[in-house]
1. Show me the helices (runs of 4 or more DSSP H) entirely contained within segment 234-289 in which 2 or more residues are over 18 Å from the mean Cα position of the chain (by Cα) and modelled with pLDDT under 90.
2. Kindly evaluate residue 54 against the criterion of being at pLDDT 85 or above and more than 25 Å from residue 266 (Cα to Cα).
3. Give segment 121-149 a look and list any residue that's under 17 Å from residue 90 (Cβ atoms) and out of contact with any helix residue (DSSP H, G or I) (no Cβ under 8 Å at 6 or more places or on another chain), or say none.
4. Could you tell me whether segment 149-168 includes any residue that is more than 17 Å from the chain's Cα centre (by Cα) and surrounded by fewer than 19 Cβ atoms within 10 Å (Cβ to Cβ)?
5. Given 12, 8, 42, which one is modelled with pLDDT under 95 and over 17 Å from residue 227 (Cα atoms)?
6. Scan segment 193-208 for residues that are assigned to a helix (DSSP H, G or I) and farther than 24 Å from residue 106 by Cα and jot them down.
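The values are calculated or read from the model by the stated rules, or taken from the named source; none is laboratory data. Values in this document were obtained by computation on a predicted structure and should not be read as measured data. With ideal geometry, Cβ positions are generated from the backbone for all residues, glycine too; neighbour counts draw on all protein chains shown.
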């Protein structure tokens, strides 16, 4: 099978898994966000540790990464932790499709942050795409005075922190194994979420415990699927397919909760997709030049 075909399959597996992760998060409304974050990272930590031990059982350095990269690994983990909390809060309180739409702004922030920190060129076309994405986000967020807008703002900010984490992952590419990056993220997130979990711990019922585990399993599949997709093809060639997550989440939201995105969200989603498509085509053109 051609590498790009493999990458496409991995991307679709990843986006579908993240959509099911959203289903699991939203289905157990009674469980606090930090408890969901804890279990999400607990499962991920077990999986990443198992892979590291299996591949390199006698080398402890494979767990801790290279000393020169540890600050970057910790920074990526902190950004990822903040992003997961904000994203989980948004998923729990918004329509599943709306939370996915806001999350899909992240490629635009990646372009901005890569220009600032990795000195990648920020062209006029990308600047236009950023403006389009911001207009789209306003349609989805529907700004108003009051706390009701917090979940949408949370989803918007999570796209920024996710972009920061991705830029650091891009910088670490070739310097650290992907599983080490995931191990750091899972470990630090677990440590930080534990005290917050204990403050407001709710003993889950059996079905809630199952969904907590599924949150971690689907998140891990989604993360590893994404990692392998970018291993088989450049991000510029496959990133556009992550927008299938909006379709998957819309379908799941409709089937489970009869959720239908309102007209403004559909318009906003269209603007954000157009913005992402512009970034995708520009990046793809640069890859071939």
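1. 263-288
2. no
3. Restricting attention to segment 121-149, the residues satisfying the condition of being under 17 Å from residue 90 (Cβ atoms) are 133, 136-144, 146-149.
Hits for segment 121-149 are 144, 146, 147, 148.
4. Within segment 149-168, one or more residues are more than 17 Å from the chain's Cα centre (by Cα) and surrounded by fewer than 19 Cβ atoms within 10 Å (Cβ to Cβ).
5. On the way: 12 fails: over 17 Å from residue 227 (Cα atoms); 8 fails: over 17 Å from residue 227 (Cα atoms).
Answer to the check: 42.
6. Within segment 193-208, 194, 195, 196, 197, 198, 199, 206, 207, 208 meet the criteria.
For (1) farther than 21 Å from residue 16 by Cβ; (2) crowded, with 18+ Cβ neighbours inside 10 Å, each residue gets a yes or a no:
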{"position": "201", "(1), (2)": "yes, no"}
{"position": "247", "(1), (2)": "no, no"}
{"position": "255", "(1), (2)": "no, no"}
{"position": "272", "(1), (2)": "no, yes"}
{"position": "279", "(1), (2)": "yes, yes"}
